[in-house]
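Values quoted throughout were computed directly from the atomic coordinates according to the rules given, and no laboratory measurement underlies them. The shown structure was predicted, so the numbers you read here are calculated from the model rather than taken from an experiment. Heads up, the Cβs are rebuilt from the backbone with ideal geometry, glycines too, and the neighbour counts pull from every protein chain shown.
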Amino acid sequence: MSDASGLLCRVALGQADELRRLTPQGWEALAGQAGHEGLEGLFYRRCAEAGAALPRSLQACWRARYRRVAQDNFAALQRVGELVAGMETEGLAVLLMPGAALLPLYPDPGCRPMDDVDLLVRVTEVPRLRAFLQSRGFRAVPRHDDLLVAQGMALDLHTDLLNASRIGARRFAGWMDPEEVWQDRRPAVVEGARLTAMGLEDMALYTAVHALRHSFRRLTWFLDLHLLLEAGCCWERLAAKAERYELQRPLGYSLRFLREQAGLELSMRAESWLARIPRRAGEQYLLRQAFRDRQQGEWGDVLWSFNIPQAGRRCRFLAETLFPKPQVLLQVFPYLPRPLLPLAYGLRLVQLLLRGSRQLAGLFARS
Amino acid sequence: MESAAQEKSWGVRAELLYRKLVDGGMLYDSASGQVHHFNATAALVWEACQEGRRTSEMVAELRRRYEVEPTQADADVRQILREFARAGLLAP
């Protein structure tokens, strides 16, 4: 188990007693990690609940962050509630996705920061929804047609859960059927806003895949998954969906992180399910590296490719991920003028070589 | 000082949304988008206003919770109520 991840998770989940024994150096290290993970607000709350005395400078910094996150999240959800009510009068429907849909799992809105509010939309309704949001003052971020912002709030519109619209070959690596996700939707009250959200099992799977896509960079996603499993997520339904969607590996990786890195216990059913997932050559090694390199690693897509049995499709997945289509490259290089788009592939190659050599240097340094 | 029978019961504007936090609370005005942050004492007074309590009841609760001297508690509660009124948060 990683000591750092374990301590962060224990504190995040309310076991803050060991903070009383922290030295000043320990507090400094914890503060750095909490800041990197975006957990200052949650830690502030847990320390207040446990009566753990924070160093004065940390108290002010974490309190400010807690209050900022609480304000932004609460205001965002009220705005979303108003927008959704307006959408309903026009016959438009959206599903709230993680992270906003996961806020009720946390003690209060100051505990889980969000960059934006993700909404699942039916493909046929996207034009009308964009027009609706534009009439309410939202504007698309340049080069990101589905990311709309207004008054400091961002809405990210999704038509599928794995962003296959960006990288089509992702369909080979598992697929969450949007229509089935719509069928399994449930009503949710999030900070007083009455909304419709994804089902718990769909959110658990989505969170696991999301963590993998982003190379396990944030501890928050693992906390989300743990809280979902504790909140009444039906294990049998989750396992059945993982199998039907061919996403056992991504789910399995996140469960292993919870067990091996965060030191959290899995249910016996989850453990026996985990033991049955076959592993490919090199997968175990890569997973260990991915967990170890979590905060700056890039192993997520490589690991995800292990989920594709056919070699040809796996190659296509990696090729499209490494060199995506032009409109995606324009998002990767936001300052590159459109007429210079052909240069983007060269820039991408340089970017990948730099990242790759950093990863390899890290591997050699440790072996 | 008012007698108990004359003492006003406080109320809050219905359209304001209040959220309790670990160290106090915050108030969201959807019309203006403004957010007011309360420390623990201000949150206690606000929650009492929501329940239609009187000043003397708020003072008693503040004294009970934080072991504050009576004159200090009274001054604190009245100051907070004045600030609420100045910010237009209270019901007419």
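Details
- Ellipsoid equivalent to the range A:55-124 - semi-axes via the Cα gyration tensor, in Å: 31, 11, 8
- Positive-end residue, chain A charge dipole about Cα centroid, Cβ charges, pick of A:LEU238, A:LEU329, A:GLY38: A:LEU329
- Between A:PHE306, A:PHE333, A:PHE317, the Gaussian network model of chain A with springs among Cα atoms under 10 angstrom shows the greatest mean-square fluctuation at A:PHE333.
- Taken residue by residue and averaged, Cβ atoms of other chains lying within 10 Å of the Cβ of A:106-114 number 2.
- With helices as the sole contributors, chain A gives -17000 deg cm²/dmol at 222 nm; each DSSP H run of n ≥ 4 counts as -39500 (n - 2.57), and the sum is divided by every residue.
- GNM result for chain A, Cα springs below 10 Å: residue of A:PRO337, A:PRO187, A:PRO107 fluctuating most strongly: A:PRO337
- Treating each Cα of chain A as an identical point scatterer and summing with the Debye formula, the log10 of I(q)/I(0) at q = 0.10, 0.12, 0.14 Å⁻¹ comes to -0.69, -1.01, -1.38.
- The range A:48-86 versus the range B:10-87: alpha-carbon centroid distance in Å: 19 Å
- Segment A:ARG280-A:GLU265, extension gain: residue separation times 0.36 nm, minus the distance between their alpha carbons: 2.9 nm
- The Rg/Rh ratio for the range A:227-367 is 1.04, where Rg is the radius of gyration of the alpha carbons and Rh is the Kirkwood radius.
- Three-way shape call for the range A:173-259 based on the alpha-carbon gyration tensor, with the a/c threshold at 1.5: oblate
- Ratio of the Cα radius of gyration of the range A:253-295 to 2.2 N^0.38 Å, where N counts its residues: 1.20
- Along chain B, longest interval not containing exposed GluC sites (Glu not before Pro), exposed being DSSP loop plus at most 14 other Cβ atoms within 10 Å: B:16-50
- Alpha-carbon centroid distance for the pair the range A:173-216 / the range A:284-347, whole angstrom: 24 Å
- Most to least packed among A:345-352, A:254-261, A:197-204 [average Cβ atoms within 10 Å]: A:197-204, A:254-261, A:345-352
- Inter-chain Cβ neighbour count for B:22-29, averaged per residue, equals 5 (cutoff 10 Å, partner chain atoms only).
- Per-residue Cβ neighbour rank within 10 angstrom, fewest leading, A:TRP27, B:TRP10: A:TRP27, B:TRP10
- Model label sites at B:SER32 and B:ALA87, defined 7 Å from Cα along the beta-carbon direction, differ in position by 0.9 nm.
- Take each residue in A:64-76, count the other chain C-beta atoms within 10 Å of its C-beta, and the mean is 3.
- Taken over the Cα atoms of chain B, the convex hull encloses 94 Å³ per residue.
- Taking other Cβ atoms within 10 Å as a rough exposure proxy, B:ASP29, A:ASP118 sort from fewest to most as B:ASP29, A:ASP118.
- Relative to the Cα centre, the charge distribution of the range A:218-334, modelled as +1 at Lys and Arg Cβ and -1 at Asp and Glu Cβ, gives a dipole magnitude of about 340 debye.
- The orientation-averaged projected area of the convex hull spanned by the Cα atoms of the range A:1-101 comes to 7.7 nm².
- By average C-beta atoms within 10 angstrom, highest first, the peptides A:163-176, A:48-61, A:74-87: A:74-87, A:163-176, A:48-61
- Of A:PRO24, A:PRO339, A:PRO104, the one that fluctuates the most in a GNM where chain A has Cα springs shorter than 10 Å: A:PRO339
- Around the Cα centre of the protein assembly as shown, unit charges on the Cβ atoms of Lys, Arg, Asp and Glu (plus for the first two, minus for the last two) sum to a dipole of about 1520 debye.
- Here is how the number arises for chain B: DSSP H runs of 4 or more residues each give -39500 (n - 2.57), the sum is divided by the residue count, and the result at 222 nm is -14000 deg cm²/dmol.
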